[in-house]
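Heads up: the structure comes next, in structure tokens.
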Amino acid sequence: MDTAFAISPPVTSSTSPARLIFLMLPWASPYWSPPTDPQTPRHLYLQDVLTQVGGAPERPRVPEFTCQVAGCCQVFDALEDYEHHYHTLHRNVCSFCKRAFPSGHLLDTHILEWHDSLFQILAERQDMYQCLVEGCTEKFRTSRDRKEHLVMRHLYPADFRFDKPRKSRGPVMPGAAEQVLAEAPGDDGVPSEGDAMEVCSEHVEPPPAPAGERRAYSHRIPSTICFGQGASRGFKRAKKRNKHQ
Amino acid sequence: MWSRQRGRLKPLCCGVEELRCRRREREAALRKARREQQLVSKRLLRDEALEEAEEGCVAMIFGEAEIQQFLRLAQRGTEEKEREGALVSLRRGLQHPETQQTFIRLEGSIRTLVGLLTSNQALLQLEAARCLHELSHSEQSAVVEACLPATSYLLTYLSGHSSDFIELCLYTLGNLIVESEAVRRQLLPQGIVPALAACIQSPHLTVLEALGYALSQLLQAKEAPEKIIPSVLGSTLPQHMLQLLQPGPKLNLGVAVEFAWCLHYIICSQVNNALLITQGALSTLGLLLLDLAGAVQRTEDAGLELLACPVLRCLSNLLTEAAAEAVGGQLQLRDERVVAALFILLQFLLQKQPSLLPEGLWLLNNLTANSPSFCTSLLSLDLIEPLLHLLSVSNVVLTVLCNVAEKGPAYCQRLWPGPLLSSLLDTLAFSDTEVVGQSLELLQLLFLYQPGAAQAFLQQSGLQALQRHEEVAQLQDRVHALQQTALHG
């Protein structure tokens with residue numbers, strides 16, 4: 001003790017009740033209502049807050065400009081609009097397939113699972129598919145198992161847009177754009193279940209993939225290529241050529 | 001909000017009467033909510049000027065056909081401006097509860113909205129998010145729960161980079177959290193705590209304030225102590241929160257207010273206050289208190305009392321923890337400046353927010369209870385008389401004086417003589433048994449340690465003052481004991 005005064009023994013009067021020192025109880029509840037003043041200062045403050053978040057704010061207009069990213073044709077007249085556009089569509093873009101993702105984390109996961117051949121090799125032997133929820137360290141053998149985990153454990157929607165299984169790069173149907181836009185009214189209303197976030201919206205999207213995984217890369221392989229199944233492939237009849245498709 | 005507000009001038013087109021009327025309505029709603037034990041507070045995120053302008057439009061209630069029209073246009077319109085415009089119109093309509101009901105009952109509507117929320121068109125995405133935000137304001141749980149399919153996406157977007165968008169998602173989440181336990185039950189397994197822990201590292205003040213709001217709503221949930229606070233304490237959130245409360249050039253008032261309240265809710269839950277103490281909560285809050293006193297003296301921005309309230313409560317509550325003493329918690333605050341700062345704040349509160357005075361005194365009580373050095377500070381800074389002025393505010397003043405007197409004769413000597421006797425004789429005239437009881441205890445201590453006190457008491461007709469309480473059940477014993485001591489020493 002560094003005080004100049006000695007501490008004396010506590011009062012031992014038998015008639016004085018224990019002195020209430022710690023007044024925690026009436027104050028401990030978060031729903032604390034002051035006895036006298038009817039307004040809790042904080043809630044008044046919150047009610048008074050009128051920010052511009054919910055409504056479209058009055059943005060300062062600038063002369064129209066175009067997004068400078070190659071291949072993007074969006075035009076803007078407000079900087080904040082451009083900012084959001086940039087972050088949404090150009091910030092976390094896969095350099096291999098140009099898909100855009102909402103976060104660096106999802107982009108990294110995508111690159112690993114879609115474009116890393118080492119990943120594919122390792123995935124044959126161990127659990128490589130990481131749970132998408134930040135903070136969850138579980139890994140899975142297949143993307144389907146991971147999806148099940150996301151749905152069961154994390155209550156994610158089964159059609160979560162940022163967990164599409166790796167698709168075939170099938171040929172793009174010429175009429176795909178019209179297909180997307182001309183969905184019947186009774187449909188479930190979601191615009192094309194195609195891959196998440198193509199970069200520039202005007203481009204056509206690949207047709208909706210069927211559920212489940214497909215083997216990757218089932219391109220039309222030119223019949224002149226053979227994969228060691230005998231050299232005499234050169235000029236085959238139409239019937240056999242179909243087999244290689 | 002704070003940074004915005006400073007820059008914005010409220011439009012003068014709103015009549016003063018109108019403003020008053022609105023404020024009255026809000027106050028009525030608050031009182032109603034409090035009566036119903038629901039201290040919920042939803043952010044009203046509307047531009048006041050915009051509200052004025054849209055008054056005409058908002059009056060319209062949209063029916064099914066109109067809503068379908070807007071959705072179709074938003075989804076399949078050819079012109080981007082057209083699509084955006086459709087969503088803007090929809091959003092305005094959704095300010096109306098009836099339109100909200102119609103919307104959620106329309107098959108596929110939420111699904112479409114979520115589709116637009118996750119679309120590859122940034123501005124459509126933003127407008128869709130604003131529509132969701134309108135829905136989140138609803139006080140009907142059906143409307144709020146209709147937004148459940150969107151939550152995983154709102155969380156995903158928290159790790160993005162567009163600060164405006166993140167802010168919007170956070171306020172929306174905060175509103176949804178307040179209204180529905182079903183939403184909270186879903187958000188926790190979806191990973192809201194790690195998402196917030198990552199997001200709190202954002203450098204944007206607007207994002208931080210929004211995060212503080214969302215987190216504070218989460219922490220106020222009735223199931224928070226069992227289901228939410230343990231995982232919050234297990235994350236990096238508390239450390240980041242304390243960092244954001246550090247005084248210094250980077251301290252932002254709006255952000256600090258939010259996180260001070262968050263801290264308050266965590267501390268009140270009493271889940272693991274010892275952990276907070278080891279993370280330096282006491283010293284951070286103590287420094288913040290000093291900083292507040294300084295700010296108050298510089299007569300800075302309005303709203304300092306909004307920060308004072310949670311800081312006072314947090315400090316007071318933490319001081320009651322055994323851990324506070326164990327780590328020499330008092331040592332961390334062992335600073336005469338704390339007492340001085342507190343009194344500066346009390347002075348300020350007297351002017352600005354008298355309702356907070358009891359809380360300030362409560363902190364003083366907890367400071368002095370176990371610490372002779374704080375009692376010494378009180379005496380050497382000559383604060384007894386100012387303290388006595390606050391007797392009418394709260395009888396905690398008496399408890400504080402008891403804390404001082406109880407420390408021994410040397411302390412009582414400093415309390416006597418002075419205005420104390422006359423103040424005590426005054427309090428004996430009250431009929432409030434608590435006040436009188438506390439006064440009796442103080443007198444007992446004074447008589448014990450300061451012989452002259454009893455004589456002075458008798459000379460000033462103290463016995464007569466005691467007589468009126470002789471028959472009061474709770475006070476009888478103490479009255480008699482005091483009479484004995486006074487007469488026979």
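Quick check on segment B:380-397. Is at least one of its residues outside any loop (DSSP other than H, G, I, E, B) and closer than 22 Å to B:Gln476 by Cα? Yes, segment B:380-397 has at least one match.
A search for C-beta distances below 9 Å between a residue of segment A:118-132 that is in the same structural domain as A:Lys147 (by the TED database) and touching a residue at least 12 places away in the same chain (Cβ under 8 Å) and any residue that is outside any helix (DSSP H, G or I) and loosely packed, with under 10 Cβ neighbours inside 10 Å, counting only pairs 6+ apart in sequence or on different chains, returns A:Gln130/A:Thr137; A:Cys131/A:Thr137. Taking B:Leu233, is it closer than 22 Å to B:Ser283 by Cβ and in contact (Cβ under 8 Å) with a residue 40 or more places away in the chain? In short, yes. Selection over segment B:225-253 of residues that are farther than 13 Å from B:Leu215 by Cβ and crowded, with 24+ Cβ neighbours inside 10 Å gives a count of 1. Can you pull out every residue in segment B:297-323 that is surrounded by fewer than 20 Cβ atoms within 10 Å (Cβ to Cβ) and among the basic types (Lys, Arg)? Across segment B:297-323, the qualifying residue is only B:Arg298.
Criterion applied to B:Gly360, B:Gly294 was being modelled with pLDDT of 85 or more and surrounded by fewer than 24 Cβ atoms within 10 Å (Cβ to Cβ), and the one residue passing it is B:Gly294.
Any residue at all in segment B:446-469 that's surrounded by 21 or more Cβ atoms within 10 Å (Cβ to Cβ), within 39 Å of the chain's Cα centre (by Cα) and under 25 Å from B:Val339 (Cα atoms)? Checking segment B:446-469: at least one residue is surrounded by 21 or more Cβ atoms within 10 Å (Cβ to Cβ), within 39 Å of the chain's Cα centre (by Cα) and under 25 Å from B:Val339 (Cα atoms). Scanning segment B:265-291 for residues that are within 14 Å of chain A (Cβ to nearest Cβ), surrounded by 24 or more Cβ atoms within 10 Å (Cβ to Cβ) and over 19 Å from B:Thr236 (Cβ atoms) yields one hit, B:Cys268.
Remark: pairs (first residue in segment B:456-481, in the same structural domain as B:Gly418 (by the TED database) and touching a residue at least 24 places away in the same chain (Cβ under 8 Å); second residue assigned to a helix (DSSP H, G or I) and hydroxyl-bearing (Ser, Thr, Tyr); Cβ separation under 7 Å; 6+ apart in sequence or on different chains) = B:Val472/B:Thr433; B:Gln474/B:Thr433; B:Leu475/B:Thr433. Taken together, the residues in segment B:387-409 that are of a type outside the set (Asp, Glu) and more than 29 Å from the chain's Cα centre (by Cα) amount to 6. Screening B:Ala128 on (1) closer than 26 Å to B:Ile110 by Cβ; (2) in a helix (DSSP H, G or I); (3) within 21 Å of the chain's Cα centre (by Cα) shows it passes everything except condition (3). Restricting B:Leu424, B:Leu442 to those that are within 14 Å of another protein chain (Cβ to nearest Cβ), crowded, with 20+ Cβ neighbours inside 10 Å and modelled with pLDDT of 85 or more reduces the list to B:Leu442.
Scanning segment B:231-253 for residues that are of a type in the set (Ser, Thr, Tyr) and either outside any helix (DSSP H, G or I) or touching a strand residue (DSSP E or B) at 6+ places or on another chain (Cβ under 9 Å) (or both) yields a count of 2.
Screening B:Gln190, B:Gln186, B:Gln217 for residues that are more than 10 Å from chain A (Cβ to nearest Cβ), among the polar types (S, T, N, Q) and either in contact with a His (Cβ under 7 Å, 6 or more places away or on another chain) or surrounded by 18 or more Cβ atoms within 10 Å (Cβ to Cβ) (or both) leaves exactly one candidate, B:Gln217. The set of residues in segment B:193-211 being out of contact with any Cys (no Cβ under 6 Å at 6 or more places or on another chain) and under 25 Å from B:Thr278 (Cβ atoms) consists of B:Val193, B:Pro194, B:Leu196, B:Ala197, B:Ala198, B:Cys199, B:Ile200, B:Gln201, B:Leu208.
Within segment B:138-153, one or more residues are crowded, with 22+ Cβ neighbours inside 10 Å and at the interface with chain A (Cβ under 7 Å from one of its Cβ atoms).
The values are calculated or read from the model by the stated rules, or taken from the named source; none is laboratory data. Please read all numbers here as calculations on a predicted model, not as lab measurements. Neighbour counts are summed over all protein chains in view; Cβ atoms, including those assigned to glycine, are modelled from backbone coordinates with ideal geometry.
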